[in-house]
Amino acid sequence: MSKVKSLADLKAMREKLQSTLDVREKAENPESIVQIKVAMATCGIAAGAKQVMEHMMAKAEELKIAAVFTQTGCMGYCHAEPTLEVRMPGKDPIVFGHVDNNKADEILTKYVMNGELVEGIIPVNYETIDK
Amino acid sequence: MDTVKLTIDNRAIEVPKGTTILKAAQSIGIDIPTLCHFELDGLDVHNRPGGCRICVVEVEKRRNLAPACVTECMEGMLVRTNSIRVINARKTVLELILSDHPADCLQCAKSGNCELQDLAIRFGIRENPFIGAGHEMSQYQVEVSPSIIRDMNKCVMCRRCETMCNEMQTVGALSAIERGFPAVVSTAFNQHLELSPCTFCGQCVAVCPVGALTEVDHTPKIIRAIADPNKKTVVQVAPAVRVALGEEFGMEPGSIVTGKLTAALKALGFDYVFDTDWSADLTIMEEGTELIGRLTKYLGGDKSVPLPILTSCCPAWVNFFEHQFPEMKNLPSTAKSPQQMFGAIAKSYFAEKINCKREDMVCVSVMPCLAKKYECSRDEFKVNGNPDVDYSISTRELARLIKMANIDFASLPDEKFDSPLGESTGAAVIFGATGGVIEAAVRTAYEVITKKPLPKIDFEELRGLEGVRSATIDVDGLKLNIGIAHGLHNARKLLEDIKAGKCQFHAIEIMACPGGCIDGAGQPLHHGNSDIVKARWEAIYRADREMPIRKSHENPSIQAIYKEFLGEPCGHKSHELLHTHYFDKQTTVEVDLGK
Amino acid sequence: MAKYKMHVLICGGTGCKSSNSSDIVENFQKILAEKNLQDEVQVIKTGCFGFCEKGPIVKIMPDNTFYTQVKPEDVRNIVEEHIIKGRKVPGLLYVNPENKEHVSDSKHMGFYKKQLRIALRNCGFINPENIEEYIARDGYQALASVLEQNDPEATIELIKKSGLRGRGGAGFPTGMKWSLCRPNKADQKYMICNADEGDPGAFMDRSILEGDPHSIIEAMAIGGFCIDATKGLVYIRAEYPLAIHRLQVAIEQAREYGLLGKDIMGSGFDFDIELRYGAGAFVCGEETALIHSMEGKRGEPTFKPPFPAVEGYLGKPSNVNNVETLANIPVIINKGWEWFSSIGTEKSKGTKVFALAGQINNVGLIEVPMGTTLREVIYEIGGGIKGGKKFKAVQTGGPSGGCLTEKFLDTPIDYENLVAAGSMMGSGGMIVMDETSCMVSVAKFYLDFTVEESCGKCSPCRIGNKRLCEILDKITKGNGTMQDLDELKNLAKVIKDTALCGLGQTSPNPVLSTIDNFWDEYVAHVVDKKCPAGQCKALKQYVIDPEKCKGCTACARNCPVNAIHGTVKNPHEIDQSACIKCGTCYEKCKFNAISIK
């Protein structure tokens, strides 16, 4: 820890620290940013969901995408694990199956950034607890 | 000077900026009632808590009523001092105060001289909705100390006593304790006054508007002593009493009533009517000699001599340094106060002369002071339990005795003090005002040191009512630096200077009460009128000028007692009878916090 | 630095702490470690979330799940179900009292919907003992920019334009207060924070100090710079040990980071803060009394002028601001006065924190924009009256505020409106009363408090309030007369008109406002000798219905004072003059023949 010597110093320190609160800041207003839910039940984890989630989080930060990542239970698509749900602000959620690192990058660059659809969409037929 | 224009009760008025509404109204003859407010102009006494709310007035455009005693006049103010809203509020507030005040006026020591009683009369209070079923009254223990009676059931929380104790005297014995309805002025942890740093100066009593703080009354004991055929009663009267007693009988402040006073004491039946002025002259012989002794040693190269020498006539001041500056108790003169010197001589030299046993003599002093009551009760001033001075009464108590004995004071013929303890000089009279003791000492010291007559007796440079004064007296080449302080907060300043090694004085006179004994706590109540104090002050110096002899060492009776009884000043016999020692009384209060 | 995927926020405020929230923190740490998740899930002890009714609160981020009334033993379930499997634990979610549905996002809870948290922005969001979290939330930015701009007058101007007013009660414009202090030259000036929260039941200042202590430190430094003071003093109640601790930690950290002390951020400005402890006297919230108390003197007010801005602590120019007022300062500077003044009403800008209490469903700490109506606060945020009872009155402004009735429910809350309605803003106490409250007793309850807390300096407050209280007591005991009511009104007005300080000038408010709004209730006590709410014991009457009484003698045999007379098999009668209203007969009667009137 060093002393703050100027406004610029403080700003730099804030930049560096801000990401530590990202999880909380973004969760406060999830509707206005991209919400990505990763199915993280036994089947998902076995299929590599955890590793994909970490990869995707890092990629989103790299691409400066304001996204909130949450993990959820089994979505019921064990055949297509790892699965994840992407909800763009103001749009219906879309579920993607068989997501690996490459697919994850594609979802971020194509669907999230440019609104292009990506292969691997699974029709939605579940409800979350808070609905 | 900046001024502001305002209107009070439809009358336009212009006053200096900073003037309170109360003062502004007074200047055009509008007498707004007050209770807690108290000031002594020119003596640095101010009590303005704005707490009683009796003086509230209506100021246009203000939401609430404003206390006139602390609200400053502003440009364009429109003030109403007698609207129905104001009168109703004042009356209600007064009813509230009276509802927590015992209605025992007939037996109260302050009856007839009580500011609350005056207000009740002024507002025509006949009934009080706040007294009776369901309405509680304060219940406090009445406390009696050697000098002061505290009956806090009568306290109206004006805080005057607190201001005197803490700001004027910096004693810190009294302060408000508790909150809300039980709030009252008391000592720390509600301890007995004697366990507090109280000096018994009695300035709290002198300013109390009601009967909450009064003096211990010794008059019944004196009446009994006079009536006892087996007792010889000897009375002494302090200098300041003769310039104030007349006020109690409707005479002008500043009247000198020495002759009538002597006549009244004789009419009361005292066997011997003497004068404390006599022992004041004796004090000068002892204290002056001590001063010369210390100075001679010091100038001779002995730097271990305790200097400056401090006077020791004022018993409240003695209490003060014993409590607050015990490490400096080698500085004050060891000479006893005039009251105690008188007692010691009366019960030895004089008792022998009239062939009276010590136990059969009752020595009474009439003092402008309440601390004198405490002083005469001190153990070191007793011989086998018998005090040198049995009772000390205040000027006010003496006035009561005279009234009780059907004596028409104003028409009494002048009489003279008895001999031999009745002869005195002008130097003794001025003991009654601040600066007087040191002036008397200088008059004597000058002639003793130089062996030349004084070119000018009046040392104007030592007189006045400023809190701290100083002067350098040229004693034939020797520059004597004199300091004077009255009011203990001023004394504290000088003592702290001494402690810090910043003091240039050779001798300092200290009196506890503002103005000296003329405004002592035993004097007739002046209710904040400082003109009365000033009139007494002038009378003291007038009395001095009227005396044929004005230097203590020229008092023939004093010369005689040294010749036939004492030997020499500060000699062996003097030390035995006329000198004392001091104690470390730094307060150690034991408090049971478990309660 | 570990990159946490999930944050668990646990309320560490005084309220939740007393419900074992510390054990919850410990259990989370223990169980997460057990599951080897300590690097993925961060556990944070925050300040108060405000929803104290349902504490202890645990919030899981980023899922934005708000768990209520969590017990230490629930932690395992939360970790295993929610954190590991992503399934919310329904039993711990808030249940909407209207449709009984589970709500997991606090935003959708009635309690939070209408709130706007400015002063409380960081409470329940950051770890108050970690300065870095505060910095990450733009902390000390305002101080830095004020120092860099180096134009104290401009900063004061900005605060003036924002319309911020003192949140301690009187609502004096803060910028104005600073500008009055600034020109007074002295070798030492003081910036004082009033954290002597004295209103019973109020805890907004405590929550801010516990949840976001750095915001106060930052604001004090800004204020110090503006008024030219290099010393800051926080006068805080000794009864707030947690707030004191958090403040001490925060001050220490700020010093370490060079945000307090000499030459702050290279600006040449020196500022440091010390704490002074109060013994919890209500009157010490008054600024002159507060200053006397800090000086070691008796805590009682003195006449103003001189104002503290001229002659304050140790006779030096001083500025006293309340905690909540200060908490607004950094945000106003960061977001601009235009933003702040766009919130609220014409004369009252920004938000106000209230401690919501009484007969209301959602007790807790809330922050709403000025201009929100009492109805919105009570029914939407507060969730309405407990047990479906009828609303009777709401008391605002602490013990010296007034009781407002139904007709004021749609009044937008601001300083002027509350005063006009006969109450006041005060420091933000808000107590809701239902139909079972006796308004005479309520007035007496508040008077009891002011009688106790009066400093005793001025006669109207010392004796007058006592007398008011005694008259109220007489009325509730059934001994009041119509003349007493006249006396009560006159005395209350005189006290208001003549008392020395704000405490005394407002202490009769509960009496005056209940007389204004519930006059009939007073008359019922005095003339009919009845307490319409049935609260005043002395006015209850037990009566035997001769039709129903079988003369079983059970009541007479059990009456402890032999107040019931009658012979066997004949109807009995209660001697009302002897009855002590203990209710024994009522309980003993098997035939429902005894009723309470």
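The values are calculated or read from the model by the stated rules, or taken from the named source; none is laboratory data. Computed from a predicted model, the values in this text were never measured in an experiment. Neighbour counts run over all protein chains shown; Cβ positions are idealised from the backbone, glycine included.
Filtered by the rule that a residue be more than 25 Å from C:Q188 (Cα to Cα) and hydroxyl-bearing (S, T, Y), the stretch C:233-270 gives a lone residue, C:Y240. Looking only at residues in the stretch C:493-512 that are within 14 Å of C:V440 (Cα to Cα) and buried (at least 24 other Cβ atoms within 10 Å of the Cβ), the one that is farthest from the other protein chains (Cβ to nearest Cβ) is C:P510. Here the condition is being surrounded by fewer than 18 Cβ atoms within 10 Å (Cβ to Cβ) and at the interface with another protein chain (Cβ under 9 Å from one of its Cβ atoms); of A:K3, A:K64, A:K59, it holds for A:K3 alone.
Scanning the stretch C:298-347 for residues that are small (G, A, S) and not in a strand (DSSP E or B), we see that the one that is surrounded by the most Cβ atoms within 10 Å (Cβ to Cβ) is C:A327. Within the stretch B:177-186, take every residue that is surrounded by 21 or more Cβ atoms within 10 Å (Cβ to Cβ) and not hydrophobic (A, V, I, L, M, F, W, C) and give me the one that is farthest from the other protein chains (Cβ to nearest Cβ). Per the stated criteria, the residue is B:S186. B:V93 versus (1) under 28 Å from the mean Cα position of the chain (by Cα); (2) surrounded by 17 or more Cβ atoms within 10 Å (Cβ to Cβ): which is the lone unmet condition? For B:V93, the exception is condition (1). In summary, helices (runs of 4 or more DSSP H) completely within the stretch B:404-505 and bearing 1 or more residues that are modelled with pLDDT of 95 or more, closer than 15 Å to B:S552 by Cβ and not aromatic (F, W, Y) occur at B:426-429, B:436-450. Among the residues making up the stretch C:428-464, those that are closer than 21 Å to C:I366 by Cβ and in contact with a Lys or Arg (Cβ under 7 Å, 6 or more places away or on another chain) are C:G428, C:M433, C:D434. Cβ-Cβ contacts under 8 Å between residues 6 or more apart (or on different chains), taken from a first residue in the stretch B:162-182 that is over 24 Å from C:A499 (Cα atoms) and of a type in the set (S, T, Y) to a second residue that is surrounded by fewer than 20 Cβ atoms within 10 Å (Cβ to Cβ) and modelled with pLDDT of 95 or more, are listed as B:T170/B:H489; B:T170/B:R492.
Determine, yes or no, whether C:D545 is in contact (Cβ under 8 Å) with a residue 24 or more places away in the chain and either more than 8 Å from chain B (Cβ to nearest Cβ) or within 24 Å of B:G132 (Cα to Cα) (or both). Yes. For B:T34, the conditions (1) touching a strand residue (DSSP E or B) at 6+ places or on another chain (Cβ under 8 Å); (2) crowded, with 19+ Cβ neighbours inside 10 Å; (3) of a type in the set (S, T, N, Q) all hold with the exception of (1).
Evaluation of C:I596 against the conditions (1) aliphatic (A, V, I, L, M); (2) at pLDDT below 90; (3) surrounded by 13 or more Cβ atoms within 10 Å (Cβ to Cβ) shows that the sole unmet condition is (3). One residue stands out in the stretch C:397-429 among those that are buried (at least 24 other Cβ atoms within 10 Å of the Cβ) and among the polar types (S, T, N, Q): the one that is farthest from C:H108 (Cα to Cα), namely C:S400.
Every residue, every condition in (1) in contact with a helix residue (DSSP H, G or I) (Cβ under 6 Å, 6 or more places away or on another chain); (2) crowded, with 20+ Cβ neighbours inside 10 Å; (3) farther than 25 Å from A:T72 by Cβ; (4) not assigned by TED's automatic domain parsing to the domain that holds C:S215, yes or no:
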position	(1), (2), (3), (4)
C:E26	no, no, yes, yes
C:E34	no, no, no, yes
C:E53	no, no, yes, yes
C:K59	no, yes, no, yes
C:N64	yes, yes, no, yes
C:V79	yes, yes, no, yes
C:K107	no, no, no, yes
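Of the listed requirements (1) in contact with a Gly (Cβ under 9 Å, 6 or more places away or on another chain); (2) at pLDDT below 95; (3) within 24 Å of B:F342 (Cα to Cα), B:G522 misses just one: (2). Of the strands (runs of 3 or more DSSP E) lying entirely inside the stretch C:2-110, those carrying at least 1 residues that are in contact (Cβ under 8 Å) with a residue 60 or more places away in the chain and within 14 Å of chain A (Cβ to nearest Cβ) are C:6-11, C:41-46, C:58-61.
Looking across the stretch B:291-309, just one residue is closer than 19 Å to B:T444 by Cα and among the hydroxyl-bearing types (S, T, Y), and that is B:T296. Taking the options B:S312, B:S304, name whichever one is surrounded by fewer than 17 Cβ atoms within 10 Å (Cβ to Cβ) and either β-branched (V, I, T) or outside any helix (DSSP H, G or I) (or both). After ruling out the rest, the residue left standing is B:S304.
Scanning for something facing chain C (nearest Cβ under 10 Å) and assigned to a loop (DSSP other than H, G, I, E, B), does the stretch B:187-195 turn up at least one residue? No: zero hits.
Among the residues making up the stretch B:530-568, those that are in a loop (DSSP other than H, G, I, E, B) and over 19 Å from B:G343 (Cβ atoms) are B:M547, B:P548, B:I549, B:R550, B:K551, B:G567, B:E568. Across the stretch C:274-292, the qualifying residues are those that are aliphatic (A, V, I, L, M) and farther than 22 Å from C:G171 by Cβ, and the one among them that is nearest to the other protein chains (Cβ to nearest Cβ) is C:A281. Residue check: A:G48 meets all listed conditions (1) farther than 30 Å from C:L259 by Cβ; (2) in contact with a Phe, Trp or Tyr (Cβ under 8 Å, 6 or more places away or on another chain) but one, namely (2).
A quick yes/no check of all residues on (1) modelled with pLDDT under 95; (2) buried (at least 16 other Cβ atoms within 10 Å of the Cβ):
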position	(1), (2)
C:E252	no, no
C:G268	yes, no
C:D272	no, yes
C:A281	yes, yes
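All conditions in (1) of a type outside the set (S, T, N, Q); (2) within 14 Å of chain A (Cβ to nearest Cβ); (3) touching a residue at least 40 places away in the same chain (Cβ under 8 Å) hold for C:Y240, with the sole exception of (2). In the stretch B:137-160 there is no residue that is part of a loop (DSSP other than H, G, I, E, B), of a type in the set (V, I, T), within 30 Å of B:P16 (Cβ to Cβ) and modelled with pLDDT of 95 or more.
Among the candidates C:L485, C:L472, the residue that is free of Cβ contacts under 8 Å to residues at least 60 places away in the same chain, outside any loop (DSSP other than H, G, I, E, B) and either in contact with a Lys or Arg (Cβ under 8 Å, 6 or more places away or on another chain) or at the interface with chain B (Cβ under 7 Å from one of its Cβ atoms) (or both) is uniquely C:L472.
The one condition from (1) within 26 Å of C:G388 (Cα to Cα); (2) part of a loop (DSSP other than H, G, I, E, B); (3) of a type outside the set (D, E, K, R) that C:G371 does not meet is (1). Taking the criterion of being crowded, with 17+ Cβ neighbours inside 10 Å and either in a strand (DSSP E or B) or out of contact with any strand residue (DSSP E or B) (no Cβ under 8 Å at 6 or more places or on another chain) (or both), the residues of the stretch B:370-386 that qualify are B:A371, B:Y374, B:R378.
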